[in-house]
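The values are calculated or read from the model by the stated rules, or taken from the named source; none is laboratory data. Remember, predicted model here, so these are calculated numbers, not experimental data. A quick note on method: Cβ atoms are made from the backbone with ideal geometry, for glycine too, and the neighbour counts reach across all protein chains shown. Calculation scope for accessible area: heavy atoms of the full protein, side chains included, ligands and nucleic acids excluded. Shrake-Rupley method; radii C 1.70, N 1.55, O 1.52, S 1.80 Å.
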Amino acid sequence: MLDYLVYLLTFVIGSILGLLYSYKLHGEPFIVDTALNSKMCIVSIIGWVLGINSGNIVLGGIGFLLAGFVMGERPGYGRKETAIGLVIAIIIYLLLHWTI
């Protein structure tokens, strides 16, 4: 039960940090960015892979912090990066837990 609390808390902290970071970069009220941000995509992939696939509470917490950072950006940012990171993490999970 404590694991889930740590994961939820780190995800919320990451979301807040991501929102603050994106407001610092862009002052516009709403913009849809169509370009893929490669740095945030890498952060999202690392975060979701660590969050979903690590058995360690510390690495899982760091993973959900990173995933929340990308997912918590302002509206119009981070949605593609989050989707790519989540899909790759699920594929890795399935490959690691696939038993014949």
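Observations on the structure shown:
- Condition check for Leu65: over 20 Å from Thr34 (Cα atoms), open to solvent by 40 Å² or more (accessible area, probe 1.4 Å) and touching a Gly at 6+ places or on another chain (Cβ under 6 Å): yes
- Being within 23 Å of Leu95 (Cβ to Cβ), out of contact with any Lys or Arg (no Cβ under 7 Å at 6 or more places or on another chain) and at pLDDT below 85 is a property that does not hold for Gly60.
Per-residue answers, yes or no, for (1) at pLDDT below 90; (2) of a type in the set (A, V, I, L, M); (3) assigned to a helix (DSSP H, G or I):
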{"position": "Leu50", "(1), (2), (3)": "no, yes, yes"}
{"position": "Phe69", "(1), (2), (3)": "no, no, yes"}
{"position": "Arg74", "(1), (2), (3)": "yes, no, no"}
{"position": "Lys80", "(1), (2), (3)": "yes, no, yes"}
{"position": "Gly85", "(1), (2), (3)": "no, no, yes"}
{"position": "Ala89", "(1), (2), (3)": "no, yes, yes"}
{"position": "Tyr93", "(1), (2), (3)": "no, no, yes"}
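- Annotation note: Cβ proximity below 8 Å between a residue of segment 59-77 that is within 13 Å of Trp48 (Cβ to Cβ) and a residue that is outside any helix (DSSP H, G or I) (sequence gap 6+ or interchain) occurs for Gly60/Ser54; Gly63/Ser54; Val70/Gly78; Met71/Gly78.
- The number of residues in segment 1-41 that are outside any helix (DSSP H, G or I) and either more than 22 Å from Gly60 (Cα to Cα) or hydroxyl-bearing (Ser, Thr, Tyr) (or both) comes to 12.
- Within segment 68-77, the set of residues being open to solvent by 10 Å² or more (accessible area, probe 1.4 Å) and touching a helix residue (DSSP H, G or I) at 6+ places or on another chain (Cβ under 6 Å) comprises Phe69, Met71, Gly72, Glu73, Tyr77.
- For Ser44, the stated conditions hold: it is within 14 Å of the chain's Cα centre (by Cα) and surrounded by 14 or more Cβ atoms within 10 Å (Cβ to Cβ).
- Qualifying positions in segment 8-39 - buried (at least 20 other Cβ atoms within 10 Å of the Cβ), modelled with pLDDT under 90 and under 20 Å from Ile90 (Cβ atoms): none
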